Amino acid sequence: MSHTLGIRQAQKQKTRQALLDAALMLLEGQSLSSLGLREVTRAVGVAPTAFYRHFRSTADLGVALVEEALGSLHPMIRTTVSTTGDREERVTRTIDLIARHVDGYPAHVRFIARERHGGVQPVREAIRDQLARFAQEVKDELAKDPVSGGWSEDDLLMLAHLYVDQMLSTASLFLEALEGPEGERPERTRQVAQLAARQMRLIGLGRHHWLD
């Protein structure tokens, strides 16, 4: 009996992941608000009624995609602001991590960039909540740095949001570079990395002189 239940559970999880994968593929060319569940189930090869065994609605599926896209990034986000290395090493490490993530998961990055201000409220809220968690985690890492001595909690959180917003912006620009003409990609990617480095240095300078 337990073996049979295990097989059923594994099959259920496989179908659920197939629905998520199909939705993500379909969302490369449209927004979540225009996505129909029949499109998703057709792509997977299951009946429309099977959709409701896994998700209450396409909005519910979208929230699951947010978790898939952002939920695993918390360790990476903390790494980008860790106190290991000097300022330039941190900048280089952060940009490299962002570039590699965009290269490995372009569809997830595109989905978050589009739906962050999209028309599906539960998905917007899920993204907002994940970004708020990122900011809190970044704040906690920043607080460990001696440079943060004397900073108020509110100011540290404000700085953390600046870093998170900058990383999101950089990810979107890397994605645009990857989607441009193939011959232009290396140069456009280099330009994005240069701009991101300058922006991070500017934030860093402001941080070092904030209490002045």
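The values are calculated or read from the model by the stated rules, or taken from the named source; none is laboratory data. From a predicted model like this one, the values you see are computed outputs, not experimental measurements. For neighbour counting, all protein chains shown are included, and Cβ atoms are generated from backbone atoms with ideal geometry for every residue, glycine included. Heavy atoms of the whole protein, side chains included, go into the accessibility calculation; ligands, DNA and RNA do not. Shrake-Rupley method; radii C 1.70, N 1.55, O 1.52, S 1.80 Å.
The spacing between the range 41-108 and the range 124-174, judged by their C-alpha centroids, is 17 Å. Each Lys and Arg contributes +1 and each Asp and Glu -1, all at the Cβ; summed about the Cα centre of the chain, the dipole is approximately 820 debye. Taking 0.36 nm per residue of separation and subtracting the Cα-Cα distance, full extension of the segment from ARG87 to GLU68 would add 3.8 nm. Relative to the longest principal axis of the Cα atoms of the chain, the long axis of helix 153-178 makes an angle of roughly 60 degrees. Heavy-atom surface analysis with a 1.4 Å probe gives the range 1-55 a carbon and sulfur content of 54 percent of its accessible area.
Overall, the range 1-55 carries a charge dipole of about 300 debye about its Cα centre when +1 sits on the Cβ of Lys and Arg and -1 on the Cβ of Asp and Glu, all other atoms neutral.
LEU211 to GLN191: FRET efficiency via 1/(1 + (r/R0)^6), r the Cβ-Cβ distance, R0 35 Å, to the nearest 0.05? That gives a FRET efficiency of 0.55.
The angle between the Cα long axis of helix 58-70 and the longest principal axis of the Cα atoms of the chain comes to about 40 degrees, rounded to the nearest 10. Pairs of C-alpha atoms in the range 12-112 farther apart than 19 Å represent 50 percent of all such pairs.
Each other residue within a Cβ distance under 12 Å of SER172 adds +1 if Lys or Arg and -1 if Asp or Glu, for a net charge of 0.
Converting phi to 3J(HN,Hα) with the Karplus coefficients 6.51, -1.76 and 1.60 and the offset θ = phi - 60°, the range 106-113 yields x, 5, 5, 5, 4, 4, 5, 4 Hz in sequence order, with x at every glycine or proline. State, as an integer percentage, the relative contact order of the range 1-55 based on alpha-carbon contacts under 8 Å between residues 6 or more apart. About 30 percent, as a whole number.
For the pair GLN136 and LEU97 in one chain, pulling the backbone fully straight at 0.36 nm per residue adds 12.1 nm over the alpha carbon distance.
Taking all protein chains as shown and a probe of 1.4 angstrom, LYS12 keeps an accessible surface of around 100 Å².
The HN-Hα couplings worked out from phi for the range 189-197 by the Karplus form 6.51 cos²θ - 1.76 cosθ + 1.60 (θ = phi - 60°) are 5, 4, 5, 4, 4, 5, 4, 4, 5 Hz, whole numbers, x standing for Gly and Pro.
Find how much the distance from MET25 to ILE7 grows on full extension, using 0.36 nm per residue of separation minus their present alpha carbon separation; answer in nm with one decimal. Mind dumping the intermediate values first?
Values: separation 18, 0.36 × 18 = 6.48 nm, distance 2.68 nm.
Residue separation times 0.36 nm, minus the Cα-Cα distance, leaves 3.8 nm.
Just want to confirm a number: the relative contact order over the range 79-212, from Cα pairs under 8 angstrom separated by 6+ residues, in percent.
Numbers: 98 pairs, mean separation 37.8, N = 134.
Worked out over the range 79-212, it gives 28 percent.
Taking every DSSP helix (H) stretch of at least 4 residues in the chain, weighting each as -39,500 (n - 2.57) and dividing the sum by the residue count yields a mean residue ellipticity at 222 nm of -25000 deg cm²/dmol. Simple rule: put +1 on each Lys or Arg Cβ and -1 on each Asp or Glu Cβ in the chain, find the dipole, and look at VAL66, ALA113, LEU19; the Cα lying farthest toward the positive end is LEU19. Per residue, the range 109-175 exposes 46 Å² of accessible surface when a 1.4 Å probe is rolled over the protein heavy atoms with every protein chain present.
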